[in-house]
1. Between Glu111 and Ala452, what FRET efficiency comes out of the Förster formula 1/(1 + (r/R0)^6) with R0 = 30 Å and r the beta carbon distance, rounded to 0.05?
2. How much mean residue ellipticity at 222 nm does the chain get from its helices, if each DSSP H run of length 4 or more adds -39500 (n - 2.57) and you divide by all residues, to the nearest 500 deg cm²/dmol?
3. Ranked from highest to lowest mean number of other Cβ atoms within 10 Å per residue, what is the order of the peptides 330-337, 481-488?
4. Which value, in debye to the nearest 20, describes the size of the charge dipole of the stretch 68-203 about its Cα centre when Lys and Arg Cβ atoms bear +1, Asp and Glu Cβ atoms bear -1, and nothing else is charged?
5. Among 181-191, 257-267, how do they line up from the highest to the lowest mean number of other beta-carbon atoms within 10 Å?
6. Using only the alpha carbons of the stretch 284-498, what is the convex hull's orientation-averaged projected area in square nanometres?
7. Please list the three semi-axes, largest first and in whole Å, of the ellipsoid equivalent to the stretch 331-429, using sqrt of 5 times the eigenvalues of its alpha carbon gyration tensor.
8. Would you list the P(r) distribution for the stretch 124-215, with all Cα-Cα distances sorted into 5 Å bins from 0 and each bin expressed as a whole %?
Amino acid sequence: MDCRPRVSRSNARIAIALVAMVFLLVASSCGGLLSSDGLTIYGASPSTLDPAHCMDATSASYIVEIFSGLVTLDNELNVVEDLAESYEISPDGRIYTFHIREGVAFHNGREVKASDFKYSIERAADPQTRSQIAEAYLGDIVGFKGKLRGEADEVGGVRVVDEQTIEITIDAAKAYFLAKLTHPSAYVVDRENVESGGDWWKHPNGTGPFKLGEWRQGQQIILERNEQFYGSIARLDRVTFLLRGDPMMMYENGDIDITQVGTANIERVLDPSNPLNDDLVIGPELSVTYVGFNTAVPPFDDDKVRQAFCHAVDKDKIIQVLLKNTVSPASGILPPGMPAYNEEVEGLSYDVARAQQLIAESSYYDGLPPIVLSVQSFGADVSSIDTAIAWMWRENLGVEVVIEGVEWDTLLDDLRAGELQVFEIGWVADYPDAENFLDLLFHSESGENYTAYSNPEVDELLEMARVEGDIDSRLALYQEIEQTIVTDAPWLPLWFGQNYYLVKPEVKGFIPSPMVIPMYEDVWID
């Protein structure tokens, strides 16, 4: 899912776009005693708490704690049962039968039934819901696209067998489908809650380990322990997200317990002689930050121009000087740790002479039009990274470049509408499968394909990979697909992420997560 390019209002930027609260909290060995203490961390305001509209990592970080689904991801990124206590898959790989735990309840105490899941999936498919992401994650379900397009009244591939059993049929056997059900769009919602009004999600009645206690816009969000949670009751009675202020100053003053470390402070935090170094926790992240070119508008409708713009940026220098080597350069799309990751992918490296030659060979040999680089805005601030990229394009290609700051929600809307010429953003894994990057972001019919990239050969290979049953063959297909996309250059991949956190010594059970996973209930204060 999309992740914010920045979480700080200063020019110094963190290594990757994921907000400070995105982390994995694993179980401890101290038994099941509850704590009367709360955890306070630095957070960001979500765009929504409606699972059917969850487009970004910030929103997902709250949603996965308030809501839940049939399955989830454990601390090793394996798909495991959540509200479903068990499931079976038919021999042909198309029918999934889930058995819902007895006694699972919404926050208001009403028991969750199979019909609630059918309602939730059909709500996501309802054209009136206007979900922009539902098809990407649930479109494999038979009948889902038909309802989404107003051609059917229900999703035929979702059948209530009895109060505790729901059956989901997909259009073909797909190895990644179960993992897709861990995305918020597949979470169960309470119909009465949803139908209470348009702003229902500001007072959500979920099923997760925490419930929304307070949301003061721009100030703070408080999650409170759900005493009725079916699993391990959270040890913390609350988690408070502070939505404003200087996170490093707040951490050093003892106002927050956890913060992510940006480049402005990374050198002193990495210094072993600095007391803060004892609080440092480092973890990987399944993410990539990139510049996307809209292939449907000039001059990026020419692949030679796109390739030239890639060759004209010295990403190694940016990472060394501005990001202080806190991230690793990306030649390709799939980050290390992702199945099908290929460290030998042939990227478009920094080569000014080659960039200029490509422009001369392109259909824009007699001059490039002005370029508008759209990025997330933070007031009047302009990122030093974006400034450096724009300067390199001006210096190496002689093109006029303007940096346009756009509010996060507007940026997402503009991306989906195809209104941006070139943009900088990040993508963090929703589930650990190459399909989540390559198919969602580059298939010509995908709603997440913000670059309007279209290659019939890539589409064909992606469709083959969806149904390929042999693991090795499937991974080989994705590696071939990735290389083709990198050569076509709808993206300029910049870097793969790494997480740097400061964690107070009294906070126990905290391990950074490579992606958004719900496990707050396993943190406690010693």
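1. Plugging the Cβ-Cβ distance into 1/(1 + (r/R0)^6) gives 0.05.
2. Theoretical 222 nm ellipticity from helices: -7000 deg cm²/dmol.
3. Descending packing order for the listed peptides: 330-337, 481-488.
4. With only Lys, Arg, Asp and Glu charged at Cβ, the dipole is about 420 debye.
5. Order by mean packing, descending: 181-191, 257-267.
6. Orientation-averaged projected area of the Cα hull: 11.4 nm².
7. Over the Cα atoms of the stretch 331-429, the ellipsoid semi-axes are 24, 23, 13 Å.
8. Calculated P(r), rounded to whole percents: 2, 12, 19, 23, 21, 14, 6, 2, 0.
Where a number appears in this text, it was derived from the coordinates with a stated rule and is not lab data. None of these values were measured; they are calculated from a predicted model. Cβ sites come from the backbone with ideal geometry, for glycine too, and all protein chains shown count toward neighbours.
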